[in-house]
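The block underneath contains the structure these notes are about, expressed in structure tokens.
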Amino acid sequence: MLSGCAATGQTPIQFRTSNDLTFELSNSQFDTVDVQPFETQIWLDSAMIGSLMTMETNPNFDTAVDEVRQGFDEAKKSSGKIVQLDLGDSAYGFSVTVNGYTTAFIATSKHPTSWITISIKEDVFDDVLSSMSVSKAHK
């Protein structure tokens, strides 16, 4: 008779973005990560459930935080559920939920020249948000 431990499929996988933002997804929520030149896609059962993109700050803005704040003001004029995210003092972000997907727009004060978007199925977004933090620079 053999004995051992079985994987439960609930192990969280940490994602680190280019602006030191981290979040986790349970490995039961995705099965493939597809790295494209400008986008990282997250898949489950041959369906894309989310994506991550790094955006360069528009030269019309002094910092990425300034650009994302302006985006929040513009988003409030549109349809969809718009929520300002509580990310602490070193990050600013908001999310917009439309057609079953939530997209978060996030900038950190440590990285003024770029910001990120995380677009993911609405039912997965709360898990992403609850694990989100701004980490120290990657080693």
Among the hydrophobic types (A, V, I, L, M, F, W, C), on the phi < 0 side of the Ramachandran plot, out of contact with any Ser or Thr (no Cβ under 6 Å at 6 or more places or on another chain) and open to solvent by 20 Å² or more (accessible area, probe 1.4 Å): does that describe Val128? no
So which residues in region 64-120 are open to solvent by 60 Å² or more (accessible area, probe 1.4 Å), among the β-branched types (Val, Ile, Thr) and touching a residue at least 24 places away in the same chain (Cβ under 8 Å)? Thr113
Of the residues in region 67-99, how many are out of contact with any strand residue (DSSP E or B) (no Cβ under 6 Å at 6 or more places or on another chain) and either within 19 Å of Phe23 (Cβ to Cβ) or assigned to a loop (DSSP other than H, G, I, E, B) (or both)? 7
So which pairs qualify, if the first residue must be in region 35-49 and within 14 Å of Arg16 (Cα to Cα), the second must be surrounded by fewer than 16 Cβ atoms within 10 Å (Cβ to Cβ) and among the β-branched types (Val, Ile, Thr), the Cβ gap must be under 7 Å, and the two must be at least 6 apart or on different chains? Thr40/Val33; Ile42/Val33
Is it true that Leu25 is crowded, with 17+ Cβ neighbours inside 10 Å, at pLDDT 90 or above and in a strand (DSSP E or B)? no
So which residues in region 112-135 are farther than 18 Å from Asp86 by Cα and assigned to a loop (DSSP other than H, G, I, E, B), if there are any at all? Pro112, Thr113
Out of (1) open to solvent by less than 30 Å² (accessible area, probe 1.4 Å); (2) not in a strand (DSSP E or B); (3) not charged (D, E, K, R), the odd one out for Phe38 is which? (1)
Would you be able to say whether some residue in region 42-63 is among the small types (Gly, Ala, Ser), part of a strand (DSSP E or B), open to solvent by 40 Å² or more (accessible area, probe 1.4 Å) and under 30 Å from Ser26 (Cβ atoms)? yes
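The values are calculated or read from the model by the stated rules, or taken from the named source; none is laboratory data. Because the structure is predicted, anything quoted here is derived from the model rather than measured. So basically every Cβ, Gly included, is an ideal-geometry build from the backbone, and we count neighbours across all protein chains shown. Protein only, heavy atoms only, side chains kept; ligands, DNA and RNA dropped before computing areas. Shrake-Rupley method; radii C 1.70, N 1.55, O 1.52, S 1.80 Å.
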